[in-house]
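Engineer: For reference, the structure I am asking about is given below.
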Amino acid sequence: MALAPDRPVGGVLFDRDDTLVVDVPYNADPHLVVPVPGAHRAVERARAAGLRLGVVTNQSAIAKGLATRAQVDATNARVDELVGPFDLWCVCPHDATDGCDCRKPRPGMVLRAAEVLGVPAAELVVVGDIGADVAAARAAGAQGILVPTPRTRQEEVDAAETVAATLDDAVSLVLAQRSAPVA
């Protein structure tokens, strides 16, 4: 599937766990960070194309008391080192029941990223592995690409407007859209 043909792309926001790195539930240990196959190459391709890059990640381990913000930040720094660098990190430290505006599928982190990166939300693409990632994109007026994993539910795949088999394929869709003339 392709992205909307009439929209320019100025940046990509990636989910962290199971999108950029192998998911370790509630990971707050930088030593456990392992990039998904092809993540560094995919991010490098997006960067080389001049796109602004960020990460938007729900990290409820903080709210649950399973990790401190400093531990999550250290883990994110390791992701940045292995896969990035990224222009921006947006972290939601809340739990699902906290009612915040930032936790995906709500649009808060995507809108904040747009503001900080200086890229309109409509020109961002959010790449993630679950429905909440693409729902956050949609709620913010951005585009979303779902990269399913074995944990992605079939109904999330069915509901996604754009699905890519791999992270590299998702970046290829973004780059194709970036080079396409805008009507």
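Engineer: Show me, for the range 112-125, the HN-Hα J-couplings you get by feeding each phi into the Karplus relation (A = 6.51, B = -1.76, C = 1.60, θ = phi - 60°), rounded to Hz, glycine and proline as x.
Structural biologist: Going residue by residue, I get 5, 4, 4, 4, 5, 6, x, 10, x, 3, 5, 9, 9, 10 Hz, with x marking Gly and Pro.
Engineer: When the C-alpha atoms of the range 10-74 are aligned to their principal axes, what extent does each axis show, in angstrom, from largest down?
Structural biologist: 39, 23, 16
Engineer: In degrees, nearest 10, range 0 to 90: what is the angle between the Cα axis of helix 69-83 and the longest Cα principal axis of the chain?
Structural biologist: The two axes meet at around 40 degrees.
Engineer: To continue, here is another question. Antiparallel versus total DSSP beta bridges in the chain: what percent is that, nearest 5?
Structural biologist: On the way: 1 of 20 bridges.
Restricted to the chain, the bridges split so that about 5 percent are antiparallel.
Engineer: Next question. Sorted by mean Cβ packing within 10 Å, highest first, what order do the peptides 170-176, 146-152 take?
Structural biologist: 170-176, 146-152
Engineer: Convert each backbone phi in the range 24-35 into a coupling constant with the Karplus relation 6.51 cos²θ - 1.76 cosθ + 1.60 (shift: θ = phi - 60°), then list the ³J(HN,Hα) values in order as whole Hz, x for Gly and Pro.
Structural biologist: With coefficients 6.51, -1.76 and 1.60, one gets 10, x, 6, 4, 10, 10, x, 6, 8, 6, 10, x Hz.
Engineer: Using only Cα atoms and rounding to the nearest 10 degrees, what angle (0 to 90) does helix 39-48 make with the longest principal axis of the chain?
Structural biologist: With both axes taken from Cα atoms, the answer is about 50 degrees.
Engineer: Report, by chain and number, residues whose modeled amide H sits under 5 Å from the one on residue 14, excluding near sequence neighbours (fewer than 5 apart, same chain).
Structural biologist: Under 5 Å from the amide H of residue 14: 54, 55, 56, 127.
Engineer: Based only on Cα atoms, what mean projected area does the convex hull of the range 1-133 have, in nm²?
Structural biologist: Numbers: hull surface 31.9 nm².
Spelled out: convex hull of the Cα atoms, projected over all directions, averaged, 8.0 nm².
Engineer: Right, next: Please build a GNM for the chain, connecting alpha carbons under 10 Å apart, and tell me which residue among 74, 96, 142 fluctuates the most.
Structural biologist: Greatest mean-square fluctuation among the candidates belongs to 96.
Engineer: Any idea what the dipole of the chain comes to, in debye rounded to 20, about its Cα centre with Lys/Arg Cβ at +1 and Asp/Glu Cβ at -1?
Structural biologist: On the way: 17 positive and 24 negative charges, 54 e Å.
Here the chain has a charge dipole of around 260 debye.
Engineer: Here's something else I'd like to know. How about the chain: what cysteines have no other cysteine beta carbon under 4.7 Å from their own?
Structural biologist: Lacking a cysteine Cβ partner under 4.7 Å: 90, 100.
Engineer: Take the alpha-carbon centre of the range 50-91, take the same for the range 128-147, and report the distance between them in whole Å.
Structural biologist: The range 50-91 and the range 128-147 have Cα centres spaced 18 Å from each other.
Bear in mind that the values in this text are calculations on the coordinates, not laboratory data. Just so we're clear, the structure is a prediction, and the values are computed from it rather than from any experiment. Glycine also receives a Cβ, built like all others from the backbone with ideal geometry; neighbour counts cover every protein chain displayed.
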